[in-house]
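Input: a single structure, listed below in structure tokens.
The values are calculated or read from the model by the stated rules, or taken from the named source; none is laboratory data. Predicted model, so just to flag it, every value in this text is computed and none were measured. Don't worry about glycine lacking a Cβ; one is built from the backbone with ideal geometry, like all the others, and counts go over all protein chains shown.
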Amino acid sequence: MSAARAAAIWAALAAAVAALFVASLTLGSVPMSPLDALASLVPHAGADALLGDIVRTLRLPRALAGFACGALLALAGALLQVLLRNPLAEPYVLGVSGGAAGFALVAMIAGSAWWFVDASAFAGALVSMLLVLGLARRELWRGELRDASPRLLLTGVVIAAGWGALVTLLLSLAPDARLRGIIFWLTGDLNGVAPPWFAWGALAFAALVALPAAPQLNVLLRGDATALALGVPVARLRVRIYLVASLAAAAAVTTAGTIGFVGLVVPHALRLAFGNDQRMLLPAAMLAGGGGVMAADLLARTVIAPAQLPVGVMTALVGVPVFLWMLLRKPMR
Amino acid sequence: MSARSADAGYASVDLALAAGARTLLSGFTQAFRPGEMWCVAGPNGAGKTTLLATLAGLQAPAGGHVVVDGRPLGTWPGGQLAQRRALMPQQLHDAFSATVFDTVLLSRFPYLGGWGWERPGDRDAARAALATFGLSDLAGRDVLSLSGGERQRVALAAALCQDAPLLLLDEPLAHLDLHYQIDCLTALTAWLDAGARTVLFSCHDLNLARRFATHALLLDGRGRAWAGPVADVLTPERASDAFGYPLVLIREGGRDALLPAWPERR
């Protein structure tokens, strides 16, 4: 991998994202041309007020939120796969989404406003994140030769299982009237999403913290001893990656619920296509994950229009067969 | 006992190592000088890996300290230390696919510039390291598809590619066929002679050690250690004592070998 090749990959992905963005603004129950859609982003004299309204208040926030969530999830997945040195890791594996779901469900059952549900989800994600951080502090903070990844992974998986039980309990107690909204939230839904600025802020922060560490992550993949011998501050790097991946997942879950499979499949697909150099992979995962969720949401709101599917259904429907194919195909090269 | 000197080199000062409550080594003061190839020998659990990791700065000793070029090891920044010593650990992690070339190229991490991408010189170093161990043909292979012995030689090439004047190799000859063991030791000897360099490797084959190492460090796992020129340390008496099995030295035609003094077969 060279910088030039990485830049070419990023450029190709960015072009695809741009095309998907225009398609997201253009397609829907009210037809318009791509030029009209782009033109109505900016209010101007002589514009069709209805088109402008649809694009600016309905389609644009969804496209932006979809991109930010997909990018956050794919980045978190790629980071956790390195941190846990496990190809099956994904953003929710350490329990972040479980905590968010548990808290959000309580808020939804209580009939809270959307902003309080979002705030609860984020609080739940933070609680779960700190819980794992505290329980696995020896594994995360100590740069010992002993391989820390399996125990950290187990700690997270057990916490996630605990949240799963809590969510099931809450579902069985929830009043019927609220169940539909809860199911949509749990599957991941961009319908009526709040303004995506929180997710975009989280994305900018995560990128700023994670991307400069990419060369160190390449080395960390080779084991703690090798990384230490090459001068990587392993313990500090691990905490940094854990925190930024968890915050990214928390921001995505808070914005759109638990959209599945993006964080697992996108980094893998890119790895299969272009190799496992984190310097290329992390930015590429952000672009591809963002584009992927934007595309999935476009499908989710158009295939059975005017009805809408939760976007998480789309990512799972596409993600499950793709992932099985990747898992079962012959070892590469 | 003070090894404080302006000498360029690696030295342990009053070093103590422990595994749990068990003392592996105590009061160990020894300099490892350029041009020396040290074999670290001893029975299982004697502390060979612990010693190499401690000398590499990955693990804190139970007592004493390590001095590198006149400065305590702990005061070296990680990046600088990575250019001073390389460590080949015993355990390798390959969770993901990667080419042999990229795996070796990773060792150039301490030399990466601002944006973190390799320069042409780094690629040349990786190619040279692969060639040293006869791996040029494997450069494009996936490390997950390699045999144990091939993977081991790739790890050796990676350690060499780090371009540090001290090599700490933990069981570099494990999984290797005899001729590869000899090839690797020959390559390491040539590398040693090409500059002010030092090699420490742990090894279970005392005869290879006697043939290729200049010095030996014998740990007996009970806190005692002998260090010095290889012929003085890996003697039948000391090795028998350390390994807990009688060994005899057989000489024939200018070659010699340590053999177990097992009962004759009828």
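If the condition is being without any contact (Cβ under 8 Å) to a residue 12 or more places away in the chain and of a type in the set (K, R), then segment A:261-296 contributes only A:R271. When segment B:167-180 is filtered for residues that are outside any loop (DSSP other than H, G, I, E, B) and surrounded by fewer than 20 Cβ atoms within 10 Å (Cβ to Cβ), the ones remaining, listed by number, are B:L178, B:H179, B:Y180. Of the residues making up segment B:125-132, not a single one is of a type outside the set (D, E, K, R), surrounded by fewer than 18 Cβ atoms within 10 Å (Cβ to Cβ), without any contact (Cβ under 8 Å) to a residue 12 or more places away in the chain and within 13 Å of chain A (Cβ to nearest Cβ). One residue stands out in segment B:152-181 among those that are among the charged types (D, E, K, R) and within 16 Å of B:T132 (Cβ to Cβ): the one that is nearest to the other protein chains (Cβ to nearest Cβ), namely B:D163. For B:A16, the requirement of being in contact (Cβ under 8 Å) with a residue 12 or more places away in the chain, in a loop (DSSP other than H, G, I, E, B) and closer than 15 Å to B:L219 by Cα is not met. Beta carbons closer than 8 Å, at least 6 apart along the sequence or on distinct chains, pair a first residue in segment A:87-115 that is within 14 Å of chain B (Cβ to nearest Cβ) with a second that is buried (at least 16 other Cβ atoms within 10 Å of the Cβ) and not in a helix (DSSP H, G or I) for A:P87/B:A95; A:P87/B:F96. For segment B:25-54, a tally of residues being within 14 Å of another protein chain (Cβ to nearest Cβ) and over 23 Å from B:A190 (Cβ atoms) returns 7. In segment B:70-89, the residues that are at the interface with chain A (Cβ under 7 Å from one of its Cβ atoms) form Cβ pairs under 7 Å with partners that are acidic (D, E), at six or more places apart or across chains, as follows: B:P89/B:D170. Could you tell me how many of the residues in segment A:169-179 are at pLDDT 85 or above, part of a helix (DSSP H, G or I) and either under 16 Å from A:G98 (Cα atoms) or not acidic (D, E) (or both)? Number satisfying all stated conditions: 6. A single entry from A:L317, A:L287, A:L281, A:L299 fulfils the requirement of being modelled with pLDDT of 95 or more and over 13 Å from the mean Cα position of the chain (by Cα): A:L281.
For A:I259, the criteria (1) at pLDDT 90 or above; (2) more than 10 Å from chain B (Cβ to nearest Cβ); (3) not in a helix (DSSP H, G or I) hold in every case but one, which is (1).
Looking at A:P267, A:P306, just one residue is more than 12 Å from the chain's Cα centre (by Cα) and either outside any helix (DSSP H, G or I) or crowded, with 23+ Cβ neighbours inside 10 Å (or both), and that residue is A:P306. Among the residues of segment A:232-251, the one identified as facing chain B (nearest Cβ under 8 Å) and surrounded by fewer than 22 Cβ atoms within 10 Å (Cβ to Cβ) is A:P233.
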